[in-house]
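I have placed the structure first, in the form of structure tokens, so that the comments after it can refer back to it.
Only the coordinates and a few stated rules stand behind these numbers; no lab work does. Since the structure is predicted, the reported quantities are computational estimates derived from the model, not experimental observations. Don't worry about glycine lacking a Cβ; one is built from the backbone with ideal geometry, like all the others, and counts go over all protein chains shown.
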Amino acid sequence: MFRLSSEVRSTRNQDGGILLDIHLGQMFRVNPIGALIVEALGAGRNETEIATEIAETCHIGMETIQSDIHVFLEDLENRGLVQRDSGGRFA
């Protein structure tokens, strides 16, 4: 399971969202789906819960959305914006 880094602040609007790494002073833009994922992480949801919500809302196959979410979260992890908790992928 992933969670937002303690050094990250986020905001969401109609265009997507912004992630601010307050430690490095860097901003990252995300599209509306990315903003939804980040917001859901902040609410404590895991990848499976997020994927289910997006699959139902956007009428996308669960396998596709799970893969896309995981790639997105790994990218955020590589940038230090999210951290991986113990556990695993798609709990």
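Shown for the chain is the translational diffusion coefficient from the Stokes-Einstein equation, using the Kirkwood radius over Cα pairs, a temperature of 10 °C and a viscosity of 1.306 mPa s: 121 µm²/s.
Would you mind counting up the charge near ILE37? Only other residues with Cβ under 10 Å from its Cβ, with Lys and Arg at +1 and Asp and Glu at -1.
Once positives and negatives cancel, what remains is -3.
Compared with the direct C-alpha span, the chain from ARG29 to GLN14 gains 4.2 nm at full extension, assuming 0.36 nm per residue.
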